[in-house]
Amino acid sequence: MYASPRKLHSLNFSRASSGNGYGLHWDSPFMSLGRTELAFTLLLSDPEDFEGGELFLNFSPSIKIKLKAGQVIIYPFNVLNEVSEVLSGEMIVSIGWD
């Protein structure tokens with residue numbers, strides 16, 4: 001698919017270590033800088049540095065993905081998503097919205 005974001009809202013960095021994950025949720029369309037349509041996740045860690053931490057996107061059909069370092073996935077803000085628990089090591093990602 002193709003995306004052409006106009007501007008980024010609330011660029012964040014997140015570190016998840018053993019026992020951490022992000023439960024099933026969907027992102028709000030309203031950000032401090034305006035309305036958003038897209039969300040993204042960029043993996044900054046080497047996937048060999050941690051176990052677990054897969055991204056689940058509740059599309060039809062749903063997908064579960066473990067990105068490679070430097071890979072980004074862009075998806076609609078209103079897709080239910082979840083990051084599975086990191087079982088060992090540490091995962092660092094950048095997340096943001098358009």
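The values are calculated or read from the model by the stated rules, or taken from the named source; none is laboratory data. In this text, all values refer to a predicted model and were calculated from it rather than measured experimentally. Positions of Cβ are generated from backbone atoms using ideal geometry, with glycine treated the same way; all protein chains shown enter the neighbour counts. Surface areas here come from the heavy atoms of the whole protein model, side chains and all, with no ligands, DNA or RNA. Shrake-Rupley method; radii C 1.70, N 1.55, O 1.52, S 1.80 Å.
In table form, for the structure just shown:
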{"read-out": "Subset of the stretch 59-69 that is open to solvent by 60 Å² or more (accessible area, probe 1.4 Å), over 11 Å from the mean Cα position of the chain (by Cα) and not polar (S, T, N, Q) - its residue that is farthest from residue 36 (Cα to Cα)", "value": "68"}
{"read-out": "Residue that is modelled with the highest pLDDT [pool: residues in the stretch 23-58 that are open to solvent by 90 Å² or more (accessible area, probe 1.4 Å) and within 17 Å of residue 77 (Cβ to Cβ)]", "value": "24"}
{"read-out": "Within the stretch 75-90, tally of residues that are open to solvent by 80 Å² or more (accessible area, probe 1.4 Å) and either free of Cβ contacts under 8 Å to residues at least 12 places away in the same chain or within 19 Å of residue 12 (Cβ to Cβ) (or both)", "value": "1"}
